[in-house]
Every structure is written in structure tokens, then in C-alpha cells.
Amino acid sequence: MQKKYLFLFICICSFWGSNAQNDQAFSGTIVADSIAEIQVNIVNYNNRQGTVNGTLGKFSIKASEGDQVIFSSVKYEPHTIEITSEMLQKKNNQIILFLMVNELEEVNISSLTLTRDLLADANNMELQPILSAQDLGIPIRTAPRLTVEERRLYTAASGGPIGVLIDVLSGRMEMLNRQKEYADLELLIQRSKHLVPNNFFKETLNIEPTWVDDFLYFCSNQEDFEKNVNQEDVFVMIEFFKNQVKAYQKF
């Protein structure tokens, strides 16, 4: 009889221990310029749960050891980390984000010496007619502008056989592909958000503004989400969101 109770006690402890491990939270502070004014989307790539930071950069999200957590916003470079047991035990993890670098268009600086006389300077300028390939009837093909994630993948893949092998072995290619996949998902979610009126989620679906992004991440896991967004039809998206809100409230 004592052995039976001992076995039951061990099973209960194991069950509690596994649940406690699965319910751990990864928390900390985002360190970045103007973080009090910028909302950073924080997504657990493995369990598809998301949240955002507070005004002081504080955040907390459910995670387990080995999960991939992605930090992304329109102002900062995307940042991905793999959760360790030490991170789950700490309450003051610091995540440092860097500002997104925007490429400026080429600027041509003239060598013309100005005399501060507008009429004289205008007469001294050598103007050339603007002539493009289209004016001559010559068809041109322009390559689409690459996103930050696509440029990183191109750079990693064009490093030659040795460079690609090193990147693959180090897991860098896998990380870049995940960042590209998440960036595409983030763009799709933002497109869906802008298809409906600003007050739609609060007044129609009764979803508080702080939970709108979480609701959109939930909707992005549904089968017809991408197809509905690509239709760019307001009424289609409104009907889709209405059909998902009840399932989201039970989630």
C-alpha cells in the first residue's frame, strides 16, 4: 500500500513540474532609443503567442526553453533570440534593439561656383534635357526593391560555396529565413489592420486597443487569412474578423 501511494505522489509531482515548466514567462526590458514612444511586437515563434512592450520597455511573454522569440517594429532592426533556462529564471533580461538604417537616394553635388546673384547664376548653369529610355521607346526592366530581410538572405547566399557552407553550419541561413518569414507575416498583419476603420476593433468587436495586435496574430493562423487580405476588400475583412472574434475570446 505504501508503494502505491509513493508511486501516485511521484506522478503528481511530475505533472505539476511539467506544467510549471510550460507556464514559465520570459520577461525583461527593451533597451532602445525612444522606446517609450515606440511599440515593439514581441512574438514567440514556437507557440505563436504575441505581446507588446510597455512605455518603459518592460515586457513579459510565455515561453519555454529552446523557443525562438522575435522582436520587431517599423523603427528597429528585427532581433531574434533563443530562450535558455537562465533567461527564464531571470526577471531583468535586457534586449538591445538598434535603429533601422534607411538608405538615402544618391545626391549629385554640382561644382558650379555661385555668385549669389540669382540671374547670373541661372545663366551660368548648363542645363541638359531630361531624356529617358521610355522617351526613346526602349523597354527597360527594373528589379524590384529588396526588403532588409531579402538583402540579408542575398548577402548570405552570395558569399561563395565556402561562405554558404559556413552560414548553413552556423545556423545563420535558418535564422535569416525565419526573420524573412516573420517580416512577411508582419506586413500581412499590418495590411489587414489598415483595411478596416480605426475604431472597428473597439466599437464592433469590443477588443481593447492593447489587444488588437494579439487578435491579429491569432487571425493570421487561420486558413483563409492571407487570401482574404490579398482581396483588399473592406467588407470581406470585416466579415472575417467578426467570424474569428468568438474563437479568439475562448482562446
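Here are the numbers for the structure shown:
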quantity	calculated
Summed residue charge, Cβ within 12 Å of Glu208's Cβ, Lys/Arg positive, Asp/Glu negative	-2
Residue-span extension gain [Asn46 to Gln222] - 0.36 nm each, minus C-alpha spacing	61.8 nm
Residue-span extension gain [Phe235 to Lys202] - 0.36 nm each, minus C-alpha spacing	10.2 nm
Net length gained if the chain between His194 and Lys90 were fully extended (0.36 nm per residue, minus Cα distance)	33.7 nm
Average Cα contact separation per residue, segment 181-251, under 8 Å, 6 or more apart, as relative contact order %	36 percent
Neighbour net charge for Val234 - beta-carbon separation under 15 angstrom, K R +1, D E -1	0
Dipole in debye (nearest 20) - segment 171-226, about Cα centre, beta carbon charges: Lys, Arg +1; Asp, Glu -1	220 debye
In Å², nearest 10: area of Lys58 left accessible to a 1.4 Å probe	120 Å²
For Asp224, solvent-accessible area (1.4 Å; no DNA, RNA or ligand), Å²	70 Å²
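The values are calculated or read from the model by the stated rules, or taken from the named source; none is laboratory data. It should be emphasised that the depicted structure is a prediction, and the values quoted were computed from it without experimental measurement. All Cβ positions, glycine included, derive from the backbone under ideal geometry; neighbour counts span all protein chains shown. Each accessible area value is taken on the protein alone, full model and side chains, heavy atoms only, with ligands, DNA and RNA left out. Shrake-Rupley method; radii C 1.70, N 1.55, O 1.52, S 1.80 Å.
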